[in-house]
Structure formats: structure tokens, C-alpha cells
Amino acid sequence: MERAVGPCLLVIFGASGDLTRRKLVPALYYLASEKLLSDSFAVVGFSRSAGSDEEFRRRLGASLREFVRDPDARVWSWLERRLHYVSGDLEDAQALRRLSAKMEDAERSYATAGNVLFYMATVPELFASVARRCAEAGLAREDRGFRRFVVEKPFGRDLESARELNKSLLSVLSERQIYRIDHYLGKETVQNLLVLRFGNGIFEPIWNRRYIDHVQITVAEELGVERRGGYYDHTGALRDMVPNHIFQLLTLTAMEPPISFEADALRDEQVKALRAFRQLRPEDVLTFAVRGQYGAGEAGGRPLSGYREEPGVPPQSRTETFVAMKVFIDNWRWNDVPFFFRTGKRLPCHSSEIVIQFKRVPQMLFRETGEDRLPANQLVIRIQPNEGIALSFQAKVPGPSLRPGTVDMDFRYQDYFGHKPSTGYERLLCDAMLGDATLFKRSDMLEAGWSFVQPILDVWAALPPRDFPDYPAGSWGPAQAQQLLEAPWRRWRACGR
Ligand code: BG6
């Protein structure tokens with residue numbers, strides 16, 4: 001059943017930034033076009049750049065056309081007139097008063113009933129002070145409606161700063177007011193993992209070490225760092241993608257069945273899986289984790305510049321733009337099954353997928369084929385693009401000999417459900433307005449994720465890379481990433497197949 005949200009004012013901090021125009025406003029547009037927003041809905045954007053309501057609307061209107069194909073003018077006009085803007089610095093008391101006044105105006109004009117969802121789309125260094133300033137100004141008090149705060153990623157830079165941020169937020173807000181977002185959990189295909197695993201009788205019995213050889217997760221981006229060089233250079237691929245998006249995919253694949261889909265039941269299982277990740281000893285880091293940085297390269301005959309030439313990136317940067325890893329989950333189900341993942345910028349294609357590779361047949365009966373062993377069965381869950389699920393298996397190739405060949409059963413979302421464009425943020429924005437925290441992170445999940453990556457951060461910081469850049473833009477990362485897979489029958493699946 002579709003769930004429409006009630007009256008609500010959305011206040012976006014960092015409203016002139018990339019996230020607002022790339023993801024949040026397109027997501028609001030898609031929600032509006034599905035009529036999932038209330039008539040009593042409005043947005044107040046806040047950021048340091050000067051500007052008026054009109055300029056804010058014009059800017060977002062222009063970028064909407066960049067990110068949404070053929071936007072419907074009626075839907076946009078419904079949303080556009082609800083967009084308002086306040087410029088200023090939160091540390092300035094006057095700016096805060098202006099924001100407060102604008103929020104009161106909006107509440108009166110749109111009957112938003114005192115419900116406010118604050119969205120922190122700012123640089124991460126400001127998360128704690130945004131919450132503090134709002135609380136000091138009385139904006140976090142839930143006298144009339146709800147006051148909730150969506151906190152973006154990265155949540156901290158390491159274990160200690162994540163704990164610190166949590167402490168700061170909890171000193172001015174209560175846990176139920178905090179929504180730590182990870183937009184991967186808003187993606188249909190990521191949620192579908194739960195349905196695939198727990199809505200079917202055939203997969204769960206073989207979802208374990210007896211039948212699975214290994215799991216691979218690829219989150220590949222064709223794009224470079226675009227206009228985010230300044231942010232990215234302080235963050236790097238590990239912090240940007242691993243303790244959040246990759247660990248979401250990994251835990252949903254590996255966790256035990258939850259007892260229900262209540263917020264805590266699901267998150268309890270994710271945390272249990274995270275805590276079972278085998279901790280890396282410092283001496284294992286360089287063998288279990290591979291980093292890389294792209295240099296100049298090309299794609300489709302087009303030259304691509306190297307990371308160090310991107311705007312906002314220092315020419316000697318040692319920040320990694322690629323990471324690949326091997327992880328073991330030390331529990332009954334997964335003992336000794338390696339989970340491999342890789343993610344990076346400027347890879348040959350845009351593709352996110354999870355591959356479950358099953359064990360090979362124990363005996364090779366088809367000797368005439370001349371191959372030593374048959375390729376193993378793979379279940380491929382395509383998160384994006386071409387969302388779907390494919391199972392590869394062996395079939396007899398027609399002809400006089402008993403020759404096996406690999407074929408696919410392929411389910412495509414689009415064939416069954418049509419194509420509904422989305423950003424991943426739609427469902428999460430609705431859930432936050434509805435007060436459903438199931439798909440948001442708890443602080444223990446974040447801490448468990450950071451605890452696992454901490455030794456890698458430490459060893460990498462102590463041993464800066466000497467060979468960066470080490471992969472050409474448009475390639476699959478450094479050669480070491482290929483070697484992680486160890487056995488000859490294990491290969492990273494070629495993307496886009
Ligand atoms: C963001 C990262 O969280 O996720 C970006 O900060 C990355 O660097 C993006 O590009 C990927 O998201 P998606 O939805 O395009 O796969």
C-alpha cells in the first residue's frame with residue numbers, strides 16, 4: 001500500500017549544495033508526481049549563498065531538467081511554489097531568527113501543523129553544530145508537531161569521531177529524533193534483497209557455506225569526482241562508500257532472518273552480521289584491502305584526466321579513489337566463505353551488483369568438453385542499472401556431443417513493473433516524515449562498521465601509497481584487486497553483461 005505523508009515542513013541545511021539539486025529535489029519531484037506529498041507540505045532551504053525564493057526556485061528548476069527526464073510542468077509548478085529560501089550562517093543569531101520567522105510563515109501558509117523534518121545536506125563537519133544551533137533556538141522542541149533530523153553520511157571520519165558526533169547529537173536531541181540516512185537502503189532493488197531471501201522458499205536453504213563458494217559485490221562508477229573534489233579528497237573511497245553503502249549490501253546479503261520487519265528487528269540482525277566480520281590485524285591489512293587512484297586514461301576514445309588533475313584536488317593527492325577487499329564473516333552460516341567487494345570512481349561502467357557464486361559440481365562428467373571444470377552457478381542481483389536478478393546455469397549445447405554451455409534466466413524489473421525513475425531518496429524521505437526508522441541506521445550499526453574499517457584507516461595512514469596513480473581512468477582498478485580473489489575459478493564478473 002502506498003503511504004502518503006501528512007503535513008510537514010522540510011528544512012534543508014546546505015540547500016545550495018550538490019545533494020539538494022542532484023537527489024533531494026528530484027526525489028521530491030518524483031514524490032509529488034506520485035501524489036505522495038501532502039498539500040500541507042513546503043520546503044525551506046537554508047545555506048550561506050545569497051539568494052531569494054525566486055532565485056532558489058529558478059536554480060533548482062534548471063537543475064531538475066538535468067536530473068529528471070522531461071519533467072511535467074504541472075508537477076514542478078506544484079512543488080516550485082512551495083520552495084522557500086533563507087540565506088545566512090547558522091552561527092549568526094540574526095540568520096537563525098530569519099530562519100525561524102520563515103518557518104513560522106510557512107507553517108501558517110501551508111498548515112504544516114508544526115511538523116518539521118530538518119535535513120542536514122551540509123558538509124559533515126557542520127552536522128553537530130546544526131543540531132546544536134537548532135536546539136538552542138528552540139527549533140528541536142516537539143511542543144506541537146514532530147521535529148526530526150536527517151543526518152547524511154559520512155557519519156564521522158573514523159570510530160572516534162563517529163562516537164563523538166553521536167554524543168553531540170544525543171546531547172541536544174533524543175535518539176528517536178535522529179534519522180541517519182544511507183540512500184542505498186532506499187533503492188528498490190536493495191529492499192528487494194529482503195524479499196528475494198525471505199519471500200522465497202528456494203534460496204534460504206542454500207544460502208550458506210555448504211553451497212556458496214563466495215560472494216562478490218561491485219559498486220562501480222564511471223564518473224570521476226566531478227565537482228566534489230574538495231569533499232572527496234578529505235574522504236576517499238573507503239570512507240565514502242564502505243562503512244555505509246557497501247556494508248548495507250553486505251549485511252542484507254549475509255544477515256540471519258529477522259523475527260519481523262520492525263525497525264529494531266531488522267537492524268539487530270544487520271548489527272549482528274557486522275559484529276561477526278573478522279577483524280583485520282594490522283599485518284593483514286595490505287593483503288585483505290587494496291587501494292588505488294586513477295590516473296589519466298580514456299573511455300570510448302575520449303581522453304579522461306587523472307584524479308590529481310580534477311578541480312579541488314591537490315596535485316600530490318594520496319587519496320584513494322578505488323578500494324577492493326576480502327572479508328570473512330565468522331559465524332555458523334558463513335564460516336570461511338570470502339566476501340569480496342570493490343568500488344571506485346572512473347571504472348569502465350556504472351554498475352552495482354551482488355553476485356552469489358555457488359560451489360562447483362564435485363565431479364566433471366563431461367570430459368569431452370576439454371575444460372577442466374565447469375563454470376559455477378551464479379545468482380546475480382543487479383542493483384543498478386538494468387535492475388533485476390539473473391541465475392546462470394549449464395545447459396546442453398545442441399549437437400552430437402554432450403557439451404555444456406552457460407545460459408541465464410533473467411528477470412528484469414522493467415519487464416514486470418515498468419520503469420519508475422527514482423533517486424533512492426523518495427522512500428526514505430517519506431519514511432522520515434512518517435516516523436518509520438526501519439531503513440535508517442542506529443548508532444551501534446555505525447560504530448560496528450567503523451570498528452571494522454579502523455585498522456585499515458590506521459595502516460593506510462601509516463603507510464602512504466607510493467605508487468599512486470596506479471590505474472588508468474576507465475579500467476578496473478589496480479592489478480592487485482584481481483589477485484584478491486585467489487583461486488583460478490574465481491573472477492570478478494564483467495559488468496554490464
Ligand atoms: C554517495 C557518494 O553517497 O553515493 C558518492 O558520496 C557516490 O561518491 C554515490 O557517487 C553513489 O550513489 P548512487 O546512488 O549513484 O549509486
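Rule-based calculations on the coordinates, nothing more; no lab input. Please read these numbers as outputs of a predicted model, since none were measured by experiment. Ideal geometry is used to build each Cβ from the backbone, glycine not excepted, and the neighbour counts take in all protein chains shown.
Cross-link list Lys326/Lys420; Lys345/Lys420; Lys167/Lys326; Lys167/Lys272; Lys23/Lys345; Lys23/Lys420: which exceed 24 angstrom alpha carbon to alpha carbon? Walk me through the intermediate numbers first.
Details: Lys326/Lys420 34 Å; Lys345/Lys420 26 Å; Lys167/Lys326 32 Å; Lys167/Lys272 22 Å; Lys23/Lys345 19 Å; Lys23/Lys420 15 Å.
From Lys326/Lys420; Lys345/Lys420; Lys167/Lys326; Lys167/Lys272; Lys23/Lys345; Lys23/Lys420, over 24 Å: Lys326/Lys420; Lys345/Lys420; Lys167/Lys326.
Name the residue from Ala128, Ala106, Val86 whose Cα lies farthest towards the positive end of the charge dipole of segment 48-177, charges +1 on Cβ of Lys and Arg and -1 on Cβ of Asp and Glu. Value computed over the given set: Ala106. In loop segments of segment 64-98 as defined by DSSP, the GluC sites (Glu not before Pro) with at most 12 further C-beta atoms inside 10 Å of their C-beta are Glu91. Dividing the mean sequence gap of close Cα pairs (under 8 Å, 6+ apart) by how many residues the chain holds gives a relative contact order of 17 percent.
Expressed as a rounded percentage, what relative contact order does segment 359-488 have, with Cα pairs under 8 Å and six or more residues apart? Display every interim value, and only then the final one.
Numbers: 93 pairs, mean separation 16.2, N = 130.
Value for segment 359-488: 12 percent.
Counting neighbouring Cβ atoms within 10 Å and putting the fewest first, the residues Met241, Met325 line up as Met241, Met325.
Out of all DSSP beta bridges in the chain, what portion is antiparallel? Express it as a percent rounded to 5.
Details: 45 of 77 bridges.
Of all bridge pairs located within the chain, approximately 60 percent are antiparallel.
Backbone geometry of segment 13-19 corresponds, through the Karplus equation with coefficients 6.51, -1.76 and 1.60 at θ = phi - 60°, to 3J(HN,Hα) couplings of 8, x, 6, 9, x, 5, 4 Hz, x marking Gly and Pro.
Which of rounded, prolate, oblate describes the chain, given a ≥ b ≥ c as roots of the alpha-carbon gyration tensor eigenvalues and a/c under 1.5 marking rounded, otherwise prolate only if a/b is larger than b/c? Intermediate results must be reported in sequence, preceding the final value.
On the way: a/c = 1.78, a/b = 1.62, b/c = 1.10.
Prolate is the answer for the chain, as a/c is 1.5 or above and a/b outweighs b/c.
Are there any chymotrypsin sites (Phe, Trp or Tyr not before Pro) in segment 273-360 that are in a DSSP loop and have at most 16 other Cβ atoms within 10 Å? List them by number.
Working: sites: Phe277, Phe288, Tyr294, Tyr307, Phe322, Phe328, Trp332, Trp334, Phe339, Phe340, Phe341, Phe358; in loops: Trp332, Trp334.
Passing both the DSSP loop test and the Cβ count: Trp332.
Note on Val123, Val151: ascending count of other Cβ atoms within 10 Å places them as Val123, Val151, the fewest first.
Quick check on the exposure proxy: order Ile181, Ile212 from fewest to most C-beta atoms within 10 angstrom. Kindly include the intermediate steps, with their values, before the conclusion.
On the way: Ile181 24, Ile212 19.
Arranged by neighbour count, lowest to highest, Ile181, Ile212 become Ile212, Ile181.
An oblate overall shape is assigned to segment 1-115, the ratio a/c of its alpha-carbon gyration tensor axes (a ≥ b ≥ c) being 1.5 or greater and a/b not exceeding b/c. 3J(HN,Hα) along segment 306-321: x, 4, 5, 8, 6, x, x, 10, x, x, 9, 3, 10, 6, 7, 10 Hz, from the Karplus curve 6.51 cos²θ - 1.76 cosθ + 1.60 with θ = phi - 60°, whole Hz, x for Gly and Pro.
Taking segment 293-397, which GluC sites (Glu not before Pro) meet the DSSP loop condition and have no more than 14 other C-beta atoms within 10 Å? It would help to have the intermediate numbers written out before the result.
Values: sites: Glu298, Glu309, Glu320, Glu353, Glu368, Glu371, Glu387; in loops: Glu320, Glu371, Glu387.
In loop regions of segment 293-397 (DSSP not H, G, I, E or B), the sparsely surrounded GluC sites (Glu not before Pro) are Glu371.
Using a/c under 1.5 as the rounded threshold, could you call segment 160-237 rounded, prolate or oblate? The axes a ≥ b ≥ c are square roots of the C-alpha gyration tensor eigenvalues, and prolate needs a/b larger than b/c, oblate otherwise. Cα axes put segment 160-237 in the oblate bin.
What helices does the chain have that are whole DSSP H segments, at least 24 Å long along their own axis by Cα, and with mean Kyte-Doolittle hydropathy of 0.5 or more?
On the way: long enough: 93-110 (25 Å, -0.98); 443-462 (27 Å, 0.56).
The answer, listed by residue number, is 443-462.
Structural descriptor for segment 248-313: relative contact order 18 percent, calculated from alpha carbon pairs under 8 angstrom and at least 6 residues apart.
Mean residue ellipticity, 222 nm, helices only, the chain: the sum of -39500 (n - 2.57) across DSSP H runs of n ≥ 4, divided by residue count and rounded to 500, is -10000 deg cm²/dmol.
In this structure, the amide hydrogen of Gln384, modeled 1.01 Å from its nitrogen in the peptide plane, lies closer than 5 angstrom to those of Ser352, counting only residues at least 5 positions away or on a different chain.
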